[in-house]
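A.B. asks: I'd like to ask you about the structure that follows.
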Amino acid sequence: MSILLYNKVDQNQITRRIDMSTTNIIAKITEIFDTNIEFEENFFKTEIIRGIEHTIIKGKLTYIPSYCEHCGEENEAYSIVKNGNQVVDILIGQFNSKPVILRLIKQRFYCKHCKRTFMAQTSLVEKNCSISTKVKSCINIELSENVSHKHISATYSVSMATVQRVLRSNDFKTNKHWLPEVLGIDEFKSLKSVDANMSVIICDVQTGDIIDIIPDRRKRYLREYLERFSKEARSMVKYITTDMYQTYIDLGKELFPNAQIVIDKFHIVQLFTRSMQKLRINVMNDFNTRSKKYKKLKRYWKVLLKKEFNLNGVEFYKYIHYSKLTNTNEILIDLLKISDRLAAGHSLYQEFLYIIHSSDVKGFENFLDKYLKNDTVPSEFKTAINTLNEYRQEIINALVTGYTNAVVEGNNNLIKSIKKTAFGFRSFRNLRLRVLLRKRVCIKKKSSIEDTECIKDAAA
């Protein structure tokens with residue numbers, strides 16, 4: 001009898017160990033680490049739901065509550081008792097490209113004190129939600145990458161509306177009491193719903209971080225937005241990098257008392273480049289479209305715009321419109337022989353490029369003083385020179401500091417790629433959130449969901 005009893009006890013221990021081992025295996029595979037969830041004997045099956053094959057894992061959630069969720073009464077002397085259960089389906093991820101659903105039997109409890117019922121809860125999922133927090137984190141990670149909502153929806157077997165809700169659960173709040181030392185401002189092509197289809201991006205030039213994206217670039221809207229920052233925050237800004245858009249310059253001088261305006265070098269060079277292009281086209285149009293001079297000026301326009309020290313004068317190749325082997329340096333010499341006016345404009349253009357390239361402040365001032373009222377300057381350059389003189393101090397600031405809007409332009413390219421992937425956005429809010437997620441959320445490894453910080457706290 002004693003032997004039989006010993007064998008029975010031993011068998012029970014073995015069964016319990018097997019059950020515990022099975023539970024641990026399931027927990028490791030599914031990443032369900034809630035100790036209050038017990039799995040049934042036949043816990044695994046497949047099921048077709050809305051035409052898609054799902055993996056179903058069956059489990060039961062139960063425990064002894066310490067207090068009532070409604071009245072807060074402590075569970076003493078069996079004041080809280082079991083009162084039936086409820087079956088819920090929770091999407092917990094994917095396995096072998098199949099959606100995995102945890103079919104959970106949740107225990108219902110009855111409080112004798114307040115005479116109300118409540119359900120057992122698990123950390124796997126938020127209250128009254130059928131999608132696990134892990135899946136939501138994965139969706140947020142995907143949203144921080146340059147992938148479409150449709151792709152995310154298909155990958156995680158959720159609706160487009162769910163992806164949108166997860167996206168909008170992120171709340172990026174801008175710190176109104178801080179601004180960087182070097183502030184970059186630029187516009188980008190936005191949505192049709194935005195005035196003139198243009199929005200504004202402001203960045204920390206030194207780090208490349210996006211501070212915020214503003215839907216409208218009109219002066220009154222920009223002023224209203226920038227005035228939300230405290231005077232102390234605006235006083236922190238020492239330099240503002242921008243293009244020649246007068247609104248940015250005016251607001252920079254008006255709202256940022258300690259800031260110097262820096263005109264981006266790219267836009268400075270672009271101004272003169274357009275003048276050089278205009279001169280080339282005017283000279284080209286003086287000739288018949290079938291003439292060689294016309295064809296040469298039309299085909300080799302890039303040679304005229306290159307810095308002279310970047311031209312090739314050593315290696316010889318065969319070029320169209322040239323019977324002998326030649327190089328870009330010889331092509332330039334040939335083009336400048338076509339017109340004295342073109343040669344004079346090109347000399348002026350190259351002189352300006354060298355000054356900007358070498359950040360020669362004194363040379364720049366001498367350049368303006370020399371050509372500002374010089375009648376020998378080609379007419380195509382006069383407007384550009386007057387514009388440079390108008391922004392003389394802002395351009396000098398650019399040459400002295402070396403700050404540019406390159407970081408801001410890089411972020412503009414990021415926005416373009418996100419818009420292209422999404423085939424455009426109808427909601428500015430969604431566009432802003434996608435860009436800020438892409439830029440601000442740093443994820444070391446996609447696979448380590450548990451180590452990823454909460455997306456909502458990433459902007460703090």
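No value in this document is a laboratory result; all are computed from the given coordinates. Since we're looking at a predicted model, the values are computed, not measured. Neighbour counts are summed over all protein chains in view; Cβ atoms, including those assigned to glycine, are modelled from backbone coordinates with ideal geometry.
A.B. asks: So if R0 is 30 Å, what FRET efficiency would ASP250 and ASN413 give, r being the distance between their Cβ atoms, rounded to the nearest 0.05?
C.D. replies: 0.65
A.B. asks: Quick one: if you stick a label point 7 Å off each Cα along the C-beta vector at VAL81 and GLU69, how many nm between them?
C.D. replies: Here the modelled spin labels are 2.1 nm apart.
A.B. asks: A follow-up question, please. Most exposed first by the Cβ proxy, i.e. fewest other Cβ within 10 Å, how do TYR78, TYR319 rank?
C.D. replies: TYR78, TYR319
A.B. asks: Follow-up. Taking amide H positions as placed in the peptide plane 1.01 Å from N, state which residues far from VAL125 in sequence (5 or more) or on other chains have amide H under 5 Å from it.
C.D. replies: THR133
A.B. asks: Once Rh is set to the Kirkwood radius over Cα pairs, what Stokes-Einstein translational diffusion coefficient, in µm²/s, holds for region 26-130 at a temperature of 25 °C and a viscosity of 0.890 mPa s?
C.D. replies: The calculation lands on 164 µm²/s.
A.B. asks: For ASN85, which sequence-distant residues (separation of 5 or more, or a different chain) have an amide H within less than 5 Å of its own amide H, given hydrogens modelled in the peptide plane?
C.D. replies: Result for ASN85 returns ARG108.
A.B. asks: By how many degrees, between 0 and 90 and to the nearest 10, does the Cα long axis of helix 133-143 differ from the longest principal axis of the chain?
C.D. replies: 10
A.B. asks: Once the convex hull of the alpha carbons of the chain is built, what does its volume come to per residue, in cubic angstrom?
C.D. replies: Taking only Cα atoms, the chain has a hull volume of 272 Å³ per residue.
A.B. asks: Could I ask something else about it? So what J values fall out for region 119-128 if you push phi through Karplus, 6.51 cos²θ - 1.76 cosθ + 1.60 with θ = phi - 60°, rounded to Hz, Gly and Pro as x?
C.D. replies: 9, 5, 10, 10, 6, 5, 9, 6, 4, 6
A.B. asks: Spelling out what I want: for every residue of region 409-418, take phi, set θ = phi - 60°, compute 6.51 cos²θ - 1.76 cosθ + 1.60 (Karplus), and round to whole Hz; glycine and proline get x.
C.D. replies: 5, x, 5, 4, 5, 4, 4, 4, 5, 5
A.B. asks: Multiply the residue gap between GLN206 and HIS321 by 0.36 nm, knock off their C-alpha separation, and tell me the result in nm, one decimal place.
C.D. replies: Roughly 36.7 nm would be gained on extension.
A.B. asks: On to the next question. When Lys and Arg each count +1 and Asp and Glu each count -1, what net charge do the other residues less than 9 Å away from MET119, Cβ to Cβ, add up to?
C.D. replies: Within the 9 Å Cβ shell, the charges total +2.
A.B. asks: To continue, here is another question. State whether region 301-431 is rounded, prolate or oblate according to the following rule on the C-alpha gyration tensor (a ≥ b ≥ c being the square roots of its eigenvalues): a/c under 1.5 gives rounded; otherwise a/b larger than b/c gives prolate, and the remaining case gives oblate.
C.D. replies: Oblate, since a/c reaches 1.5 and b/c is not below a/b.
A.B. asks: Pick out, in residue order, every one of the trypsin sites (Lys or Arg not before Pro) in region 313-347 that is DSSP loop and has at most 12 other C-beta atoms within 10 Å; say none if there are none.
C.D. replies: Passing both the DSSP loop test and the Cβ count: LYS318, LYS324, LYS337.
A.B. asks: Tell me the net charge near GLU224. Cut-off is 11 Å between Cβ atoms, GLU224 excluded, with +1 for each Lys or Arg and -1 for each Asp or Glu.
C.D. replies: After counting each charged neighbour, the total is +3.
A.B. asks: Consider a paramagnetic label point 7 Å from the Cα of ALA154 along Cα→Cβ; state which residues of region 48-67 have an amide N under 17 Å from it.
C.D. replies: Only 51-53 pass the distance filter.
A.B. asks: How big is the antiparallel share of DSSP beta bridges in the chain, given as a percent to the nearest 5?
C.D. replies: 75
A.B. asks: Between the helical axis of 265-284 and the dominant principal axis of the chain, each derived from Cα atoms, what acute angle in degrees is found, rounded to the nearest 10?
C.D. replies: 50
A.B. asks: Convert each backbone phi in region 234-239 into a coupling constant with the Karplus relation 6.51 cos²θ - 1.76 cosθ + 1.60 (shift: θ = phi - 60°), then list the ³J(HN,Hα) values in order as whole Hz, x for Gly and Pro.
C.D. replies: Ordered by residue, 3J(HN,Hα) equals 5, 6, 5, 6, 9, 9 Hz.
A.B. asks: Compute the distance from the alpha-carbon center of region 377-431 to that of region 340-364, in whole Å.
C.D. replies: Rounded to whole Å, the Cα centres lie 21 Å apart.
A.B. asks: Which shape class applies to region 175-276: rounded if a/c is under 1.5, otherwise prolate when a/b exceeds b/c and oblate if not, where a ≥ b ≥ c are the square roots of the Cα gyration tensor eigenvalues?
C.D. replies: It is oblate, given that a/c is not under 1.5 and a/b is not larger than b/c.
A.B. asks: Relative to the longest principal Cα axis of the chain, at what angle does helix 246-255 sit, 0 to 90 degrees, rounded to 10?
C.D. replies: Roughly 70 degrees between the two axes.
A.B. asks: Please give the calculated 222 nm ellipticity per residue for the chain, where each DSSP H segment of at least 4 residues contributes -39500 (n - 2.57) and the sum is spread over every residue; nearest 500 deg cm²/dmol?
C.D. replies: Helix contribution divided over all residues of the chain: -13500 deg cm²/dmol.
A.B. asks: Now for a different question. Which FRET efficiency, nearest 0.05, do GLN350 and ILE49 yield, Cβ-Cβ r, R0 51 Å?
C.D. replies: Efficiency, from the Cβ-Cβ distance: 0.15.
A.B. asks: Amide H neighbours of ASP212 under 5 Å, at least 5 residues apart or on other chains, H built in the peptide plane: list them.
C.D. replies: The answer is ILE202.
A.B. asks: For a label point 7 Å from the Cα of ARG426 along Cα→C-beta, name the residues of region 125-161 whose backbone N is under 19 Å from it.
C.D. replies: 148-154, 159-161
A.B. asks: Now for a different question. Between VAL400 and LYS382, how many nm apart are label points set 7 Å from Cα along the C-beta direction?
C.D. replies: Label-label distance for VAL400 and LYS382, simple model: 3.2 nm.
A.B. asks: If you don't mind, there's one more thing I want to ask. Can you bin region 47-198 into rounded, prolate or oblate? Criterion: square roots of the alpha carbon gyration tensor eigenvalues sorted a ≥ b ≥ c, rounded for a/c under 1.5, prolate for a/b above b/c, oblate for the rest.
C.D. replies: Verdict is oblate for region 47-198.
A.B. asks: Give me the net charge for the shell around LEU433: Cβ to Cβ below 10 angstrom, other residues only, Lys and Arg +1, Asp and Glu -1.
C.D. replies: Here the count lands on +4.
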